[in-house]
1. Computed FRET efficiency, Cβ-Cβ of Phe550 and Lys139, R0 45 Å: what is it to the nearest 0.05?
2. Looking at the square roots a ≥ b ≥ c of the eigenvalues of the Cα gyration tensor of region 127-194, which shape do they give, rounded for a/c under 1.5, prolate if a/b is larger than b/c, or oblate?
3. Report the full-extension gain for the segment Glu423 to Ser255: residue separation times 0.36 nm, less the Cα-Cα distance, to one decimal in nm.
4. Place a label point 7 angstrom from the Cα of Thr152 along the Cα-to-Cβ direction, then list the residues of region 184-215 whose backbone nitrogen is under 17 Å away.
5. Equivalent ellipsoid semi-axes for region 169-208, as square roots of 5 times the alpha carbon gyration tensor eigenvalues: give them largest first, rounded to whole Å.
6. Compute the distance in nm between two label points, each set 7 Å from the Cα along the Cα-to-Cβ direction, one at Lys403 and one at Ile498.
7. How far apart, in nanometres, would the label points at Met437 and Asn99 be if each is projected 7 angstrom from Cα along the Cα-to-Cβ direction?
8. Under the √(5λ) rule applied to the eigenvalues of the Cα gyration tensor, what semi-axes describe the equivalent ellipsoid of region 182-337? Give them in Å, descending.
Amino acid sequence: MEEKKIDINSIIGFALIFGILMYMLWQNKPTPEQVADQEKAKQEQVEAEKKATETEQTAVTTGEDYSLETVKDSVQLSTLKNKLGSFAYSSSLPSAVANETTVENDVLKLKFSNKGGFLSEIILKKFVNFDSVPIYLIKDNNAAFNINFGTTDSRVINTQDLYFQPTVTKNGDNTIVSMKLKVSESKFLEYRYEIKKDNYMMGFTIKSQGLDDVINSSQDIILDWKIKTYRHAKSVSYENRYTELIYEYEGGKDSYLGQKEVSEEIISDVSYVAFKQHFFTSILLTDSPFKTAELKSRNLVKDEEIDTVFTKAFDAKLPLQLSGGEINKTMDWYFGPTDYKILNSYKRNLDEVVPLGWGIFGWINRYVFIPIFGFLSSFLPYGFAIIVMTILVRIVMSPVTYKSYVSQAKMKVLKPEIAEITEKYKDNAMKKQQETMALYNKAGASPMAGCLPALVQLPVFYALFQFFPSAFDLRQKSFLWAEDLSSYDTIAKLPFHIRFYGDHVSLFPILASVAIFFYMQMTTGQQMAAQPTQEGMPDMSKMMKYMMYFSPLMMLFFFNNYASGLSLYYFVSNMITIGIMLVIKNYIIDEDKIHARIQENKKKPKKENRFQKKMKEMMEQAEKQKQTQKRK
């Protein structure tokens, strides 16, 4: 077969033909008037086609689709049906206006909006914020609740834009608020709220009736709950530190999103989602877990001097499952204080919303400090209850303090002998270590003996560090010059803002810093006196001196915006510890007696335990190998 080729003549011919066609098109182009007429005719044709096919295309509803007030004639109803499909009926009812239904119990005042069928306002009646304004969890559109789903006529519905019909009934002492989004009188989507007497928890059910031929079962049904949390405390940065999204998943596990600028996670088998605002919380619970949950937290406090209204924005997207073509999901709402006693009383693991610490720290708070503080505060003012509890803690920990001090005293007495060993075996590190350990063993002393008591106290100190910021009972309770033990105290306002410190001066952190300075001066002096000086080792005395000044300064800055109750605890605790140490030093411990006892112990044959024997054998073996290598 002969190969086909295009020669130069063919190319020239195609170019000429193309040029002639372009010239003809230019010669016959329409005038501007003709172009305008053509565009107008084209637009009219598009509009006609759009109207003809409108009901056959997918439509996403928006708020503008429900702007018509009560429908007065069939033309308006027809217009609504073109926009809303089956849900046009809901916007044709008298309830299709921006009205609210108000319901109260002893602790909550609730407003339900016809538009969206959700709560438009929640007031906690027994509480006010730092400025004596009632606590609003929801107000002025800071929250949204929406169910997004597809319909069989190819529409996407957002319930937050539709009008629900409200009815209020009584069931014994409980008040039932039913919000129905109607397709007809017998077909609807219902939000059913059951408000109980003197209770922050309310029942909540989402169910549909007769919508199996309206809801598109092949598309996801998503419940979307959002909120921007209001600031309620004096320090917006301190409150924001404890404002977080917490969730329970996989049958009892709990976790949180954290404090990043933006945090997002997808979690499986979620049984509750809590939007916690430090001392107040909004929680959505269910006994039948959501299959998944898309959770998001966004920090809204970029500058604490400017961003003073909201703290964080939370969002939870939760899928709803159909059963027999209908929605039927039973849940509960909790809108109330982040109070351990109240949350724990529901027996639904809600106490995990209160940040008491993990593991042993949480255990100490739950079973030791919360009961003790609850008992003391039942008959004492809260400031005195803190002082008494601190005294009790220090008395219980005093044996540990005593052991630590005795250990340091022993090390101080042994320091000259350790120095002699160091000088004698300065060229033989292994022998020096053997002799030092032998001295410790004979004298009944150990450098680790002073560390272990401190380690024993750490869980207690950390548990209390978690307890005081989480103690709801301290909120707005005054003591001396502190107006609110759950917030910082103020003795002076600064005309400027200092980074990390604030625009005020708090007295309790100053007292706590002074107390910890003198405490560290005592303990550091004792440790430096007991610390053996070893060649080639870093000078620990300089580091201890730095810590003696750095720690109080850090506390002064760090605690200036913290709860004054926590600073009060640290002040009292350090003062009591100083007193105990002075008593031990001046009236209980005699260093001459300790020295005499050590000398007696050195004369007695000391039985080595298995570990000591093993260590000794290893060190001797290592020394032999070293000597052998030197000979070679």
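1. Result of the calculation: an efficiency of 0.50.
2. oblate
3. 54.9 nm
4. 184-189, 208-215
5. Semi-axes from the Cα gyration tensor: 23, 10, 5 Å.
6. So the label points at Lys403 and Ile498 sit 4.0 nm apart.
7. If labels sit at Met437 and Asn99, their model points lie 8.7 nm apart.
8. Semi-axes from the Cα gyration tensor: 32, 17, 15 Å.
The values are calculated or read from the model by the stated rules, or taken from the named source; none is laboratory data. As the structure is a prediction and not an experimental result, all values here were calculated from the model. Cβ: placed from backbone, ideal geometry, glycine included. Neighbour counts: every protein chain shown. We work out accessible area using only protein heavy atoms, side chains counted, and drop any ligands, DNA or RNA first. Shrake-Rupley method; radii C 1.70, N 1.55, O 1.52, S 1.80 Å.
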